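Presented below is the structure to which this report refers.
Read-outs: derived from the displayed coordinates by stated rules, not from any lab. None of the values given here were measured: they were computed from a predicted structure. All Cβ positions, glycine included, derive from the backbone under ideal geometry; neighbour counts span all protein chains shown.
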């Protein structure tokens with residue numbers, strides 16, 4: 001890394017309020033069942049950050065994927081009503097696991113399910129911000145997801161990558177971490193091009209940087225790399241550092257905050 005990149009990474013050590021987004025592929029096995037070992041490690045890492053005085057908000061996907069497994073459906077439902085039913089079932093199971101695992105480390109969790117109209121309406125947006133602020137003050141971990149049980153296209157964020165970026169912006173976060181199933185943002189698809197090069201640091205926050213991103217996400221999730229790059233770019237354009245990194249080992253969050261050269265860092269303009 002050159003001196004500017006090193007300085008940008010070093011700044012992450014001082015991040016106080018951190019929004020962490022974790023995707024379905026990082027929370028579940030290919031079978032759709034919850035990856036309990038990874039979730040437990042995520043709970044330990046986040047709890048340790050909170051022990052150190054960090055303020056953390058977790059944006060968690062996985063409700064529809066988990067619900068699909070709990071109801072023993074052969075695949076993710078294709079109808080809106082089917083996905084909403086799966087989300088309703090899966091959200092309960094997911095929050096039960098979060099509550100139990102964070103409880104083991106002495107922290108309570110709170111569920112916040114929101115839709116786009118919550119943010120578009122100034123009064124409900126302020127109410128949401130007030131709730132985040134109070135939960136953080138009370139040392140409770142807010143766990144955020146889109147309210148898939150009622151959301152339709154007109155009031156949807158579309159994906160939790162976009163939601164995490166919005167949450168980071170309205171809560172005044174210092175850092176957005178998007179955990180996914182690859183190491184970062186590559187110039188080409190690493191699954192198709194083994195020697196594809198990864199962007200380590202991005203300072204160009206124009207729409208041009210999104211051109212190389214694209215493709216669908218996992219069979220259980222909704223987002224692809226394009227949504228992660230878009231969300232990170234918008235966060236950085238709002239003055240928030242953003243990192244896309246591999247969520248296979250949640251300890252990578254510590255590496256990011258230690259200023260190590262992991263994942264793809266989007267640097268805000270000064």
By DSSP, what percent of the beta bridges with both residues in the chain are antiparallel, rounded to the nearest 5? 20 percent
So how far, in whole Å, is the C-alpha centre of the stretch 106-142 from the one of the stretch 5-36? 20 Å
Mean-square fluctuation maximum in Gaussian network of the chain, Cα pairs under 10 Å, restricted to 125, 72, 41, hits 72
Pick from 231, 87, 15 the residue whose mean-square fluctuation is largest in a GNM of the chain, springs joining Cα atoms under 10 Å. 15
Using Cα pairs under 8 angstrom and six or more residues apart, how large is the relative contact order of the chain, in percent? 25 percent
Order of 133-141, 203-211 by packing, highest average Cβ count within 10 Å first? 133-141, 203-211
The stretch 190-206 to the stretch 56-105: how many Å between their Cα centroids? 31 Å
Shape of the stretch 38-152, Cα gyration tensor, a/c cut at 1.5: oblate
Exposure-ranked with fewest Cβ neighbours within 10 Å first, 230, 241, 254 stand as 254, 230, 241
Estimated [θ] at 222 nm from DSSP helical runs (n ≥ 4, -39500 (n - 2.57)) normalised by residues in the chain, nearest 500: -12500 deg cm²/dmol
Among 184, 239, 62, which one moves the most in a GNM of the chain with springs linking Cα atoms closer than 10 Å? 239
So for the chain, what percent of the C-alpha to C-alpha distances run longer than 22 Å? 54 percent
Gain on full stretching of the segment that runs from residue 108 to residue 258 - 0.36 nm per residue minus C-alpha separation: 51.4 nm
